[in-house]
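Visitor: Could you have a look at this structure, given as structure tokens, before my questions?
Any read-out appearing in this document is the output of simple, stated calculations on the displayed coordinates, not a laboratory observation. Quick caveat: nothing in here was measured; it's all calculated off a predicted structure. Here the Cβ positions follow ideal geometry from the backbone for every residue, glycine too, while neighbour counts run over all protein chains shown.
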Amino acid sequence: MKDKQIDPENADYLSGQLLIAMPQMEDPRFSRTVIYICAHTEEGAMGIILNRFAENINFCDLMEQLNLPVLDKNENIPVHFGGPMETGRGFVLHSADFIEEASLLIEDGVALTATVDMLRAISNGTGPKNSILALGYAGWAPGQLDEEIQANGWLSAPADFDIIFGSEIDKKWVTSLFKLGIDISMLSGEAGHA
């Protein structure tokens, strides 16, 4: 198992990595979550939860709220719960085959965009091949994520395109651990033991 270690000399830290909640995670907002880390620097961290749907809203509802055209084919586009921060703000985590000037290129063909134009492109079928529309994000103050990792709250792993954009949302947590070679029944809640 090769985790990307936090290195104070590396300004990118865990950007472009997966963050996987340990089984003993008590915060219900993050229990059994897999988060794609969009940015992690000495100023803090930001990521999008990959395996939770937003409650009580779908893509068509969102488009109507924004006064954007809605196409019938859009009714099956899910809206994710990206995290507890700024839950009224939308983010699109997507493949870098389609980017805008406002897109943040992260790593390994993944980008993040938070514009209405990206929603229009997805709606009319001209947007990125792979995307996750999320409301809100997961955020950490300077040093907070590092402390949570040291306290054995999270595992980090290389990003996996299939996990990021795969449709089997309820299997992403177990699949992420499995790809690290971890049997969840063998995980310990004590720091330094896995």
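Visitor: Condition (residue is outside any helix (DSSP H, G or I), buried (at least 21 other Cβ atoms within 10 Å of the Cβ), without any contact (Cβ under 8 Å) to a residue 60 or more places away in the chain and of a type in the set (Ser, Thr, Tyr)) applied to segment 118-130: is it met by at least one residue?
Guide: Taking every residue of segment 118-130 in turn, none turns out to be outside any helix (DSSP H, G or I), buried (at least 21 other Cβ atoms within 10 Å of the Cβ), without any contact (Cβ under 8 Å) to a residue 60 or more places away in the chain and of a type in the set (Ser, Thr, Tyr).
Visitor: Just one of (1) surrounded by 16 or more Cβ atoms within 10 Å (Cβ to Cβ); (2) out of contact with any Ser or Thr (no Cβ under 9 Å at 6 or more places or on another chain); (3) in a helix (DSSP H, G or I); (4) not aromatic (Phe, Trp, Tyr) trips up Gly139, so point out which.
Guide: (3)
Visitor: Is there a residue in segment 97-110 that is more than 22 Å from Asn67 (Cα to Cα), in contact with a Pro (Cβ under 7 Å, 6 or more places away or on another chain) and surrounded by 13 or more Cβ atoms within 10 Å (Cβ to Cβ)?
Guide: Checking segment 97-110: at least one residue is more than 22 Å from Asn67 (Cα to Cα), in contact with a Pro (Cβ under 7 Å, 6 or more places away or on another chain) and surrounded by 13 or more Cβ atoms within 10 Å (Cβ to Cβ).
Visitor: Something else about it: For segment 73-96, check the following and say yes or no: at least one residue is aromatic (Phe, Trp, Tyr), part of a loop (DSSP other than H, G, I, E, B) and touching a Gly at 6+ places or on another chain (Cβ under 6 Å).
Guide: Within segment 73-96 (the criterion being aromatic (Phe, Trp, Tyr), part of a loop (DSSP other than H, G, I, E, B) and touching a Gly at 6+ places or on another chain (Cβ under 6 Å)), the answer is no, since none of the residues qualifies.
Visitor: Taking Ser176 as the residue in question, decide whether it is farther than 17 Å from Met46 by Cα and among the small types (Gly, Ala, Ser).
Guide: For Ser176, the condition - farther than 17 Å from Met46 by Cα and among the small types (Gly, Ala, Ser) - is met.
Visitor: Let me ask something additional. Within the set of pairs 6+ apart or on separate chains, which have a first residue in segment 39-59 that is part of a loop (DSSP other than H, G, I, E, B), a second that is surrounded by 14 or more Cβ atoms within 10 Å (Cβ to Cβ) and among the charged types (D, E, K, R), and C-beta atoms under 7 Å apart?
Guide: Close Cβ pairs satisfying both conditions: Leu50/Lys172; Asn51/Lys172.
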